[in-house]
Amino acid sequence: MPDFLAELPFWLIMLLLSCGAMLRGQGMYWAGRIVTEQALRRTHPTQGWTLRAHAWLQGGGADAGIRAIRRWGLFAVPVCYLTVGFQSMVQAGAGVLRITWWKYTLAQIPGAIAWGAIYATIGFAVWEAALAAAAGSPLGLVVIAALVAAVVVAVVLRRRHRSQYGTEAVAHVEAPDGGTGDGGTGDGVIDTFAEVVGSETSRPAVPEAEESGAERA
């Protein structure tokens, strides 16, 4: 933690760190969303941060995050704050999938608070070490296994509920406007940045005259 923060009251440190985590998550979300919308308009950035973001997304930088959101829905957003590195993938993935902004923002809040609490107390170096130590002890393995089991149960129940009531996963609902979300794979699932873009750009445009005739019919 920076020295200037250590002089502040704990509640203020928590607030500042949590707000910083929120802002960083917003930045990654909008980077993913803006670059995706540029790609859907068939434009390619030539310089600046958009070019770097486009290259990162095109190279699969956020694909793991996209897959996590596809499988776990918005639950992946707060959970990603407990990890290092995976945060950016999920946050940018939410932008690539163009999840509704306010839903993404609400999902951020518990994760950002947890991130602020960890950073303000033990720090992420200690957090990672604690996870590694827990993985090496019988009790730690039990705790980790219980957490994994809880996540698996939540995912299974969510999928069962979706199947029973004919609803779709959040990321599929939030697929590019009108897109099928299969990106040409035929499995009905958006798994990568390329598939998100391909789900719209691969569809032929309908001529205006044909559209007008269809409306009259």
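Odds and ends about this structure:
- Centre-to-centre separation between the Cα atoms of region 69-89 and those of region 13-29: 15 Å.
- Given charges at beta-carbon only (K, R positive; D, E negative), |dipole| of region 1-84 in Debye: 540 debye
- Point-to-point label distance, T100-T50, nm (Cα→Cβ direction, 7 Å offset): 2.7 nm
- Value of Rg to Rh for region 1-127 (Rh from inverse mean 1/r over Cα pairs, i.e. Kirkwood): 1.02
No lab work stands behind these numbers, since they all come straight from the coordinates. This one's a predicted model, so the numbers in the text were calculated from it and none came from an experiment. Heads up, the Cβs are rebuilt from the backbone with ideal geometry, glycines too, and the neighbour counts pull from every protein chain shown.
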